[in-house]
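The values are calculated or read from the model by the stated rules, or taken from the named source; none is laboratory data. As the structure is a prediction and not an experimental result, all values here were calculated from the model. Methodologically, a virtual Cβ is constructed for each residue, glycine included, from the backbone with ideal geometry; neighbour enumeration extends over all protein chains shown.
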Amino acid sequence: MSWRPKSVRVRLALAYSATFGVLLLLHDMAVYGWVRHEAFEALEEQGARDAASVPIVRGPAYDTQSASVEQELGELVMALLLVIAPGMLLAGAAGYLLAKRALAPVDRLTTHAARITADRLDERVPVANPDDELGRLATTMNAMIARLDASFAALRRFTADASHELRTPLTALRAIGEVSLRERRDPEALREAMGSMLEELDGLTHLVESLLTLARSDDGSHPLEIDDADLSELARRVVDQLATLADEKRQRLIIDLDAPLPVRVDRSLVRRAIANLLDNAIRYSPPGTAITVRSRPIATRCVVEVMDQGPGIAPDDQASIFERFRRLDSSRTRDPAVDGASGGAGLGLALARATIEAHGGAIEVDSAVGAGATFRIVLPNRPPTS
Amino acid sequence: MPSSERPRILVIEDQLKLAHALEEGLRGEGFDVSLASSGTDGYFLATTEPFALLVLDWMLPGRDGVEVLKALRRAGHEVPVLILTARDDVDDRITGLDAGADDYLVKPFAFAELVARLRALLRRTRPDAAAPRRCADLILDPRDRRGTRGGRPLELTQREYELLDFLLIHQGQLVSREMLAREVWQETGRATSLDNVIDVTMARLRRKVDLDATTRLLHTVRGVGFILREEPA
């Protein structure tokens, strides 16, 4: 179809009018056919009666009568056809009005939806009757807007947090640079200043990389490199790697890694998530305490746990520690000795959670203040057939 | 390095600050550096003058890096090429290597890393794996994986041995934490926890190697990485 009316109302009215026209035409043809049939049957009957007295069957009388019947029928056709045009017009007008009435809420929806932009996502479209089709459409739209609102808010908060985290090392960079240029310094002091700036830069690089990783896991643009793996083996590699850090703090590592736990995961990402948990445990636990790394199967899932005897996490904080840029300054203070200049920006647990959830798993914490913390990664089993 | 042996290197990079920093740094590392600031200029230079190495920025005005690289390879130039890019998607990496790049470095990179990779591209041959490595009175023997400092045996863990071995192979050169993470710890990604592990392992190694010695061999260059060389304590 090359020509398409822009309004649904017009389209409905035209369709309505056309349908009515076709129906009228059919009706007219039926009426005409029936009348014609009846008229000629009557004529034939009369002719048959006449034939008894008059030997010529179809005489001039018949022809005259037949012609007059044809004329009458012609007039009937004219009358019938004349009705079609106004009938179609009327039907079109009625259809237009009906459609207009029925579609009025759609126009209201459109006006409202157009007003709701990225800045006014707190508004909602009106729901006239929640039970009819348009009401359901409006309700669905509202739910969609609510989801958009939530993700825009999260994005704004994330951007603000990220800018703040970026600003801190930038400020340090600027201060170190300006101060060391202000006075005459010997080369050794300048080297020291440059080194310090490079350390800040290193932290910035880490931060930007973490942000990129998170952004990719958010929009799913970075596909996981899924492979068959053994969760216990992944945990063991992490322990091997980080044991030095625990050793340095004279912490005891208790390793209880069960027999092979088959999973299908992106190995390096899951290892990084486990490393983050163990690194936190080492970092936040006092020297001399024990840290347990344990793996085991639970029904159709595989579990890795990292248990520490650190200060623990208050129940109120347990949900928020997985949020981006959350660092619990109250109970878990940073330790500059292990944290260094490139220390975490509070993205580690958020990254770990994003990773594990991307694998269809979950990350949990059990803790009470003063009673240590247990972080748990739960991943689905690899089906034996695959 | 005598001047006749200075390898000629062409850096095609449009960001002038970075280009000049690379020029100065590479010159200091013994390279003979030429600069080009656009793909067109770079292609012209690369096809008219002999270079031992090419450092090529991916994003260039006029003709982008991959285009230049493809054109060079089509024209039959075999010069080793290292691509610099701010994009580190796997797809981009593959595109770069498919176009004929020999190596790939993501911005921001450590200068030490760039130098190490360029040297590797020049060398293309690994150092003799079985020959003992030495620096001053430090000797590491790969055959029995044992080390001595001034005749005193060193009690090295496996990781410490590998770390010391890597530093000895690259002695006199700056070694970044990225390089150690990749080459010694075999980690592709670089996590904060691993940086801490590297620092702690290095501190322990230093206690074993440089303890009681009049000459310190292991040095930390703040903000950059580490270097193994003879230097008075």
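Brief remarks follow.
- Selection from the range B:33-50 of residues that are of a type in the set (A, V, I, L, M, F, W, C) and more than 19 Å from the chain's Cα centre (by Cα): B:Leu35, B:Ala36, B:Phe44, B:Leu45, B:Ala46
Residue-by-condition table, conditions (1) closer than 20 Å to A:Ala18 by Cβ; (2) modelled with pLDDT of 80 or more; (3) surrounded by 11 or more Cβ atoms within 10 Å (Cβ to Cβ):
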site	(1), (2), (3)
A:Leu81	yes, yes, yes
A:Ala85	yes, yes, yes
A:Gly92	yes, yes, yes
A:Arg101	no, yes, no
A:Val106	no, yes, yes
A:Ala118	no, no, no
A:Val127	no, yes, yes
A:Pro130	no, yes, no
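- Residue match in the range B:141-160 (condition: in contact (Cβ under 8 Å) with a residue 24 or more places away in the chain, under 22 Å from the mean Cα position of the chain (by Cα), away from every other protein chain (no Cβ under 14 Å) and surrounded by fewer than 17 Cβ atoms within 10 Å (Cβ to Cβ)): no
- Residue identified as modelled with pLDDT under 85, within 30 Å of A:Ala104 (Cα to Cα) and either of a type in the set (Ser, Thr, Tyr) or over 42 Å from the mean Cα position of the chain (by Cα) (or both) among A:Ser17, A:Ser2: A:Ser2
- Selection status of A:Leu231, closer than 24 Å to A:Ser367 by Cβ, within 38 Å of the chain's Cα centre (by Cα) and away from chain B (no Cβ under 14 Å): yes
- Residue within the range A:244-259 that is over 29 Å from the mean Cα position of the chain (by Cα), over 18 Å from B:Leu194 (Cα atoms) and at pLDDT below 90 present: yes
- Qualifying residue in the range A:182-192 (condition: at pLDDT below 90 and at the interface with another protein chain (Cβ under 9 Å from one of its Cβ atoms)): yes
- Where a residue in the range A:236-261 is within 14 Å of another protein chain (Cβ to nearest Cβ) and its partner, wherever it lies, is modelled with pLDDT of 90 or more and loosely packed, with under 14 Cβ neighbours inside 10 Å, with Cβ under 7 Å and at least six apart: A:Lys249/A:Pro287; A:Arg250/A:Pro287; A:Arg250/A:Gly288; A:Gln251/A:Pro287; A:Gln251/A:Gly288
- Yes/no for B:Arg207 being closer than 27 Å to A:Ala281 by Cα, more than 16 Å from the chain's Cα centre (by Cα) and either away from every other protein chain (no Cβ under 14 Å) or charged (D, E, K, R) (or both): yes
- One residue from B:Ala136, B:Ala131 being exposed (fewer than 14 other Cβ atoms within 10 Å of the Cβ), away from chain A (no Cβ under 11 Å) and at pLDDT below 90: B:Ala131
- Here A:Val208 meets each of (1) within 8 Å of chain B (Cβ to nearest Cβ); (2) surrounded by fewer than 19 Cβ atoms within 10 Å (Cβ to Cβ); (3) among the aliphatic types (A, V, I, L, M) with one exception, condition (1).
- Filtered residues of the range B:214-230 (kept if of a type outside the set (A, V, I, L, M), within 13 Å of another protein chain (Cβ to nearest Cβ) and in contact (Cβ under 8 Å) with a residue 24 or more places away in the chain): B:Gly225, B:Phe226
- The C-beta contact set for the range A:154-182 (first residue assigned to a helix (DSSP H, G or I), second residue of a type in the set (Gly, Ala, Ser) and surrounded by fewer than 11 Cβ atoms within 10 Å (Cβ to Cβ), distance under 8 angstrom, 6+ apart or interchain) is empty.
- Candidate set from the range A:275-291 (those that are of a type in the set (S, T, N, Q) and either buried (at least 24 other Cβ atoms within 10 Å of the Cβ) or within 14 Å of chain B (Cβ to nearest Cβ) (or both)); member that is nearest to A:Arg250 (Cα to Cα): A:Asn280
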